[in-house]
Amino acid sequence: MSNMVNLTINGIAVSVEEDKTILEAAKELHIKIPTLCYHKDLCVAGNCRVCVVEQVGNHKLVASCATPVSEGMEINTNTLKVRNCRKHIIELLLTEHREECTKCYRNGHCELQELSAEYQITNQDFIDLVPDKNYTIDMLSPAIEKDDSKCIRCQRCVRTCAEIQSVGAIAVAHKGSEMKISTFFDRSLDEVVCTNCGQCIVHCPTGALTEKSYVEKVWDAIADPEAHVVVQTAPAVRVGLGEELGLGSGTRVTEKMVSALRRLGFDSVLDTNFTADLTIMEEGTELLTRLKRALVEDDPDVALPMATSCSPGWVKYIEHKYPEYLPNLSTCKSPQQMFGALAKTYYAKNIKVAPENIVSVSIMPCTAKKFEANRPEMKDSGYKDVDFVLTTRELAVMIRQAGIEFEKLNDESFDSIMGIGSGAGVIFGATGGVMEAALRTAYEIVTGREVPFDNLEITPVRGLEGVKEATVKIEGTVKEWDFLEGVELKCAVTNGLENAHQLMEAIKRGDKFYHFIEIMACPGGCLGGGGQPFPVDNEIRLKRMEAIYAEDRDLPIRKSHENPEIIQIYKEFLEKPLSHKSHKLLHTSYVKREQY
Amino acid sequence: MTTTKKQLHRIDLIFKNEDDCKEILRNALSRSDQEIVNEMVNSGLKGRGGAGFPTGLKWKLTAESKEKEKYVICNADEGEPGTFKDREILTRVPHKVLSGMAICAKIIGAQKGYIYLRGEYKFLVPDLKKELRKFHDILDELGLDFRVDIFLGSGAYICGEESALIESMEGKRGEPRNKPPFPSVKGFKGKPTVVNNVETLAHSYTILKFGAKKFRDLGVKDSRGSKVFSVSGDTPIPGIYELELGMTVQDFVDDFSDGDCKAVQVGGASGFLVPRKRFGKTTIGYQGKLTGISLPTGGSMMIFNSSRSMYNVLNNYLDFFEEESCGQCTPCRVGCQQLLKGIKAVKRGEKPTSYLNQLLKLTETMKLTAKCGLGQSVANSFSSIVENFREEMIY
Ligand SMILES: Cc1cc2nc3c(=O)[nH]c(=O)nc-3n(C[C@H](O)[C@H](O)[C@H](O)COP(=O)(O)O)c2cc1C
Ligand code: SF4
Ligand code: SF4
Ligand code: SF4
Ligand code: SF4
Ligand code: FES
């Protein structure tokens with residue numbers, strides 16, 4: 001344990017570890033110091049200056065987020081000097097800012113708004129700088145909008161994109177009054193290396209970065225009497241939605257979410273977990289096939305490790321940054337897109353609705369899925385497979401607009417078909433979940449026995465750690481797969497693209513060899529996705545994660561291949577994994593993209 | 001006009017081109033590190049780059065760190081408008097600067113040094129490289145394991161600020177860092193680093209050659225030695241002058257003005273405006289008990305005669321700050337814009353004259369809360385000009 005340091009804050013003595021900052025020490029005393037540029041997930045920037053406090057003996061104020069504690073330090077957080085300066089700083093920020101809270105996406109969820117309410121900034125003494133600024137709004141991307149007039153230049157997004165995601169799509173450009181957050185040659189986010197992961201959105205304190213909203217489009221579809229509107233809900237939504245509707249983080253709201261969706265007017269409420277299970281069947285078989293080609297047929301062209309492809313942020317990242325590894329990417333579409341392709345084929349036929357009348361909506365914890373749904377490849381049903389993608393946050397908006405008292409709703413269950421998911425499907429929402437689900441099924445296919453972990457819980461691949469590794473020794477194979485006897489299947493799991501970057505570099509250098517890697521673009525996996533509620537930090541991610549695993553534990557079916565609807569679809573429609581039909585509907589291809 | 005006064009203040013230490021750096025270094029290498037540090041501390045030399053931090057103490061603090069890898073950086077970014085004293089020093093007596101770097105390296109235990117050269121001074125590179133080759137030969141002969149490279153700056157004024165300078169050397173955007181940690185603890189590549197101004201390093205050569213006493217005998221308490229000034233504005237004799245510290249602004253004006261001086265800006269845009277009524281009471285030197293004001297930054301002295309509009313002067317300074325602020329912190333980025341727009345609005349009558357008081361309060365906030373010296377020192381020129389020439393701001 002590190003050394004302890006004694007200091008006083010507002011006259012109260014406190015003893016904290018020497019590597020703590022004043023801000024952290026104050027938190028221990030339950031003294032709140034306002035912050036804007038500070039975020040637990042990120043390195044300290046110290047640029048907004050609203051967290052300034054007085055240090056006795058120092059004429060200048062110090063930024064509490066950036067100043068380490070020291071022995072004997074005397075800090076005052078609430079003096080006249082501090083309050084006046086803070087007020088000035090907030091006022092200054094507002095003069096550069098197009099204040100239109102009532103028309104703003106972040107109205108009610110904005111840290112700047114909250115702070116100016118706290119400090120009662122009701123006057124506007126300084127000059128409004130906005131009219132002379134050349135602010136632009138970038139609306140080209142199907143996933144993300146960037147409105148510079150709402151930006152307070154805290155650089156949280158820049159740090160997020162660089163530190164957590166190692167993408168660097170956005171950076172600070174120019175200096176002085178012209179300083180702004182920009183992209184390569186100031187292009188639209190749609191035309192640069194941006195992965196649409198939305199992590200910058202969940203880390204932005206204001207309305208400067210938001211998802212492109214499709215709420216109105218979905219309301220229109222629901223109101224259209226011709227349209228049969230189906231909705232699918234991703235696994236992580238059910239453990240995040242509650243936060244937006246006044247419930248504690250990590251509250252499981254699956255059944256209430258289903259009844260809310262029904263009340264909103266969706267014709268059919270279905271579950272992405274179903275196609276998550278289907279992904280396992282397809283991807284698991286793909287993996288085994290690749291292994292067979294490598295181990296039995298000695299095929300030098302087979303690309304290993306095989307990488308998961310259900311995170312469209314990761315897919316776009318690899319397309320930009322590691323195009324030479326595109327053959328390693330599983331050809332499986334994400335569960336969302338599998339669902340979309342089936343909604344307008346299998347499902348349409350089954351319920352006898354013309355596919356052109358089906359509007360397929362998905363609720364995702366993700367902004368990259370908005371981009372994915374708009375990829376030109378995603379029309380294998382003959383129509384746009386997924387018409388509109390809403391985030392968890394947008395669903396909450398609709399629920400509030402509909403006047404639904406969420407907490408009071410009855411529990412309801414998903415419609416069928418394509419409404420049953422297994423526990424393996426639900427854990428797709430957490431980092432390591434795809435790996436765990438795949439192992440549950442693949443191991444059983446190959447050996448005829450359950451994967452050798454207590455209660456099917458493959459704990460080495462769980463948790464928030466950056467890179468997780470697991471080795472599964474395959475023993476007692478059934479005849480068809482006996483070439484795998486004794487093989488140690490090497491797996492790795494990462495979450496957050498910076499970790500993915502580290503893993504890919506290790507693989508590239510030849511330091512590491514794996515058969516199968518799972519990569520999720522967002523920290524914690526989808527539960528920490530760019531479309532999930534504000535705010536987010538590891539504490540919250542862990543709570544959502546616990547909820548995901550609890551869902552798994554409580555489900556009657558916990559392995560994808562045991563899902564009766566999966567068995568049914570192969571029997572009635574797809575025949576078998578990697579069949580001609582699955583190839584057409586469930587698999588895709590990728591493109592090489594530019595580096596910047 | 002008597003000339004005794006002039007002789008009193010003009011010093012000729014820095015630019016005297018002695019060719020004895022091998023001797024000085026040999027001698028220094030034979031002394032203990034402790035001895036040299038004491039010599040530096042006793043000389044009273046303070047940094048000539050802006051902040052005025054005692055040089056001996058800076059070296060001592062960096063020497064105390066147990067890290068193996070350390071760096072010496074010569075700050076030759078010289079971005080203050082109207083100053084070119086560092087350029088002159090590097091052109092005329094580069095070996096003194098290099099010797100200062102080598103001694104510093106020996107004491108703190110650095111093997112590598114850099115000259116962070118202002119981009120516009122690129123033309124100095126060939127001569128400096130020649131000088132470096134000669135100097136490296138001398139170091140080899142003396143057995144000192146130290147090498148100096150030149151790093152060409154990117155052109156932004158803020159890159160003269162030591163932590164922004166280091167960021168820019170690390171290939172990042174030139175933005176000042178949070179302090180602490182200071183460069184002496186975590187500098188270039190996260191390692192303990194001494195950043196010294198060109199002139200500071202040249203003075204350390206003088207101190208090693210003549211001893212602390214000779215340096216200390218010049219100047220006054222808190223402000224020892226001589227300093228190179230860039231004199232400009234309404235003067236018949238603009239140029240570079242080495243002067244003894246501790247003179248009053250009146251003394252300076254007597255020597256340099258055209259006879260019609262109404263104010264002197266001491267220390268460039270980040271410095272203070274001294275109006276005529278305070279000439280006699282203001283000593284030119286570092287902030288301390290004796291001096292009326294501090295003399296920050298590169299030693300620019302700008303003389304204004306009665307034909308000058310102080311409104312225009314302030315407007316120019318604010319233009320400069322509004323553009324040269326790195327833009328990262330709120331008080332500086334937005335504060336500068338507000339000040340600039342604010343004085344214009346008052347001048348045009350769009351804001352009441354009392355708005356000036358509000359702007360003065362704003363500069364106080366900037367001084368207290370800005371992240372680096374740039375934003376903190378905008379208040380200096382703003383308040384000294386507005387308070388002394390309020391009428392000129394309004395009419
Ligand atoms: C905005 C700004 C610009 C600066 N520009 C320079 C410069 O051009 N040259 C310089 O030596 N110091 C400059 N400084 C001061 C440096 O940060 C640092 O204090 C100095 O290089 C230390 O050397 P010294 O102790 O020898 O003065 C600047 C400081 C600020 C805040
Ligand atoms: S970003 Fe925040 S403060 Fe700005 S308009 Fe939107 S809600 Fe209001
Ligand atoms: S876009 Fe948001 S996160 Fe990025 S600098 Fe602006 S306000 Fe901060
Ligand atoms: S969406 Fe992701 S990749 Fe794109 S700018 Fe934001 S953080 Fe970077
Ligand atoms: S005070 Fe100005 S120059 Fe310094 S860090 Fe802040 S914005 Fe940048
Ligand atoms: S929160 Fe500390 S400076 Fe922004």
List the helices (runs of 4 or more DSSP H) inside segment B:335-395, counting only whole elements, that have at least 2 residues being surrounded by fewer than 22 Cβ atoms within 10 Å (Cβ to Cβ) and within 12 Å of chain A (Cβ to nearest Cβ). B:355-369, B:373-388
How do the strands (runs of 3 or more DSSP E) wholly within segment A:1-80 filter down when requiring 2 or more residues that are within 16 Å of ligand 5 (Cβ to nearest atom) and within 14 Å of chain B (Cβ to nearest Cβ): which remain? A:61-63
Looking only at segment A:84-96, decide whether some residue is part of a loop (DSSP other than H, G, I, E, B) and either within 16 Å of ligand 1 (Cβ to nearest atom) or more than 10 Å from every other protein chain (Cβ to nearest Cβ) (or both). no
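Is it fair to say B:Thr282 is touching a residue at least 24 places away in the same chain (Cβ under 8 Å), open to solvent by less than 10 Å² (accessible area, probe 1.4 Å), hydroxyl-bearing (Ser, Thr, Tyr) and away from chain A (no Cβ under 14 Å)?
For B:Thr282, the condition - touching a residue at least 24 places away in the same chain (Cβ under 8 Å), open to solvent by less than 10 Å² (accessible area, probe 1.4 Å), hydroxyl-bearing (Ser, Thr, Tyr) and away from chain A (no Cβ under 14 Å) - is met.
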Please go through segment A:143-156 and give me each residue that is crowded, with 23+ Cβ neighbours inside 10 Å and away from chain B (no Cβ under 14 Å), ordered by number. A:Ala143, A:Ile144, A:Lys146, A:Lys150
Would you check if there is a residue in segment A:357-370 being farther than 30 Å from A:Ala492 by Cα, surrounded by 19 or more Cβ atoms within 10 Å (Cβ to Cβ) and within 16 Å of ligand 2 (Cβ to nearest atom)? no
Would you be able to say whether some residue in segment B:133-145 is open to solvent by 40 Å² or more (accessible area, probe 1.4 Å) and either within 19 Å of B:Glu324 (Cα to Cα) or outside the structural domain of B:Thr200 (by TED's automatic domain parsing) (or both)? no
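Only one of A:Gly176, A:Gly198 is small (Gly, Ala, Ser), surrounded by 17 or more Cβ atoms within 10 Å (Cβ to Cβ) and within 16 Å of ligand 1 (Cβ to nearest atom); which?
A:Gly176
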Matching residues in segment A:330-354 - criterion: being closer than 17 Å to A:Tyr590 by Cα and not in a helix (DSSP H, G or I): A:Ser330, A:Thr331, A:Cys332, A:Lys333, A:Ser334
Members of segment B:150-169 that are modelled with pLDDT of 95 or more, touching a helix residue (DSSP H, G or I) at 6+ places or on another chain (Cβ under 7 Å), within 14 Å of chain A (Cβ to nearest Cβ) and surrounded by fewer than 24 Cβ atoms within 10 Å (Cβ to Cβ): B:Ser168
Could you tell me how many of the residues in segment B:306-323 are within 12 Å of chain A (Cβ to nearest Cβ) and surrounded by fewer than 19 Cβ atoms within 10 Å (Cβ to Cβ)? 2
Somewhere in segment A:183-194, is a residue under 26 Å from A:Met398 (Cβ atoms) and either surrounded by fewer than 18 Cβ atoms within 10 Å (Cβ to Cβ) or within 16 Å of ligand 2 (Cβ to nearest atom) (or both)? yes
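Every residue, every condition in (1) assigned to a strand (DSSP E or B); (2) over 15 Å from B:Glu199 (Cα atoms), yes or no:
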{"position": "B:Gly52", "(1), (2)": "no, no"}
{"position": "B:Lys68", "(1), (2)": "no, yes"}
{"position": "B:Ile73", "(1), (2)": "yes, no"}
{"position": "B:Thr83", "(1), (2)": "no, no"}
{"position": "B:Lys96", "(1), (2)": "no, no"}
{"position": "B:Tyr121", "(1), (2)": "no, yes"}
{"position": "B:Leu128", "(1), (2)": "no, yes"}
{"position": "B:Phe135", "(1), (2)": "no, yes"}
What's the number of the only condition in (1) within 9 Å of chain B (Cβ to nearest Cβ); (2) open to solvent by less than 40 Å² (accessible area, probe 1.4 Å); (3) assigned to a helix (DSSP H, G or I); (4) not aromatic (Phe, Trp, Tyr) that A:Ile127 fails to meet? (3)
Could you go through segment B:49-70 and let me know if any residue there is among the aliphatic types (A, V, I, L, M) and buried (at least 23 other Cβ atoms within 10 Å of the Cβ). no
Answer yes or no as to whether A:Gly168 is crowded, with 18+ Cβ neighbours inside 10 Å and away from ligand 2 (no atom under 16 Å from the Cβ). no
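The values are calculated or read from the model by the stated rules, or taken from the named source; none is laboratory data. Here the structure is a predicted model, which means the values were calculated and not measured. A quick note on method: Cβ atoms are made from the backbone with ideal geometry, for glycine too, and the neighbour counts reach across all protein chains shown. Surface areas here come from the heavy atoms of the whole protein model, side chains and all, with no ligands, DNA or RNA. Shrake-Rupley method; radii C 1.70, N 1.55, O 1.52, S 1.80 Å.
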